[in-house]
Amino acid sequence: MNDCIFCKIASGEIPCMKVYEDNRTLAFMDIAKDVDGHILVVPKKHFKNVLDCDEETLYAVMKTVKTVSNHLTEQCGYDGVNLLNASDESAGQSVPHLHIHIIPRKRNDGIDAWPRFEGAREDIQTVFEKVKM
Ligand code: AMP
Ligand code: ZN
């Protein structure tokens, strides 16, 4: 994907604050400045999101998510992490290259990283019949 910003970061064409790298994946600071330690983990190969990503690449991404998360909690003074992903524009995805957000957390840090849902609109049994596999 020539015009993909995260492909350009992965290839080094655009600079990033690199936190971790291996053969298949890259972790770098999110530039949003919205919360301390906001990190993105991406595959170096282009996939739009979780829905089109092959399992091997997804495994590599999640392995890096774990490596970075363990580093944050074991070496950097954090207690936990929120992991966030938007797959598709309908879910709020703004950059169309697969990425997992890591939000480092400390006990009682006051950060609200969990969506406030407004309540289910459909009957749970009806939805269950639709989604069960
Ligand atoms: P999403 O809305 O889940 O697709 O998240 C996209 C994220 O990419 C946002 O949090 C942006 O702040 C972040 N972002 C966009 N451009 C860059 C960039 N050049 N370097 C680091 N993070 C970026
Ligand atoms: Zn890309």
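Some notes on this structure:
Okay, residues lined up against (1) without any contact (Cβ under 8 Å) to a residue 40 or more places away in the chain; (2) outside any helix (DSSP H, G or I); (3) in contact with a helix residue (DSSP H, G or I) (Cβ under 7 Å, 6 or more places away or on another chain); (4) closer than 15 Å to VAL35 by Cα:
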| site | (1), (2), (3), (4) |
| --- | --- |
| VAL65 | yes, no, no, no |
| ASN82 | yes, yes, no, yes |
| GLN93 | no, yes, no, no |
| ALA113 | no, yes, no, yes |
| GLU129 | yes, no, no, no |
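- Meets criteria (within 16 Å of ligand 2 (Cβ to nearest atom), surrounded by fewer than 16 Cβ atoms within 10 Å (Cβ to Cβ) and hydroxyl-bearing (Ser, Thr, Tyr)) for SER90: no
- Complete set of residues in the range 1-52 that are more than 11 Å from ligand 1 (Cβ to nearest atom), closer than 25 Å to TYR78 by Cβ, in a loop (DSSP other than H, G, I, E, B) and of a type in the set (D, E, K, R): ASP22, ARG24, ASP36
- Within the range 43-58, one or more residues are surrounded by 12 or more Cβ atoms within 10 Å (Cβ to Cβ), of a type in the set (S, T, N, Q) and without any contact (Cβ under 8 Å) to a residue 60 or more places away in the chain.
- Qualifying residue in the range 114-126 (condition: within 28 Å of ASP22 (Cβ to Cβ) and either loosely packed, with under 10 Cβ neighbours inside 10 Å or away from ligand 2 (no atom under 16 Å from the Cβ) (or both)): no
- Residues located in the range 62-94, provided they are more than 15 Å from MET29 (Cα to Cα), within 14 Å of ligand 1 (Cβ to nearest atom) and aliphatic (A, V, I, L, M): ALA86, ALA91
- Scope the range 1-35; condition exposed (fewer than 12 other Cβ atoms within 10 Å of the Cβ) and either modelled with pLDDT under 95 or not β-branched (Val, Ile, Thr) (or both); matching residues: ASN2, ASP3, SER11, GLY12, GLU13, PRO15, MET17, ASN23, ALA32, LYS33, ASP34
The values are calculated or read from the model by the stated rules, or taken from the named source; none is laboratory data. Computed from a predicted model, the values in this text were never measured in an experiment. Note that we place each Cβ from the backbone using ideal geometry, even for glycine, and neighbour counts take in every protein chain shown.
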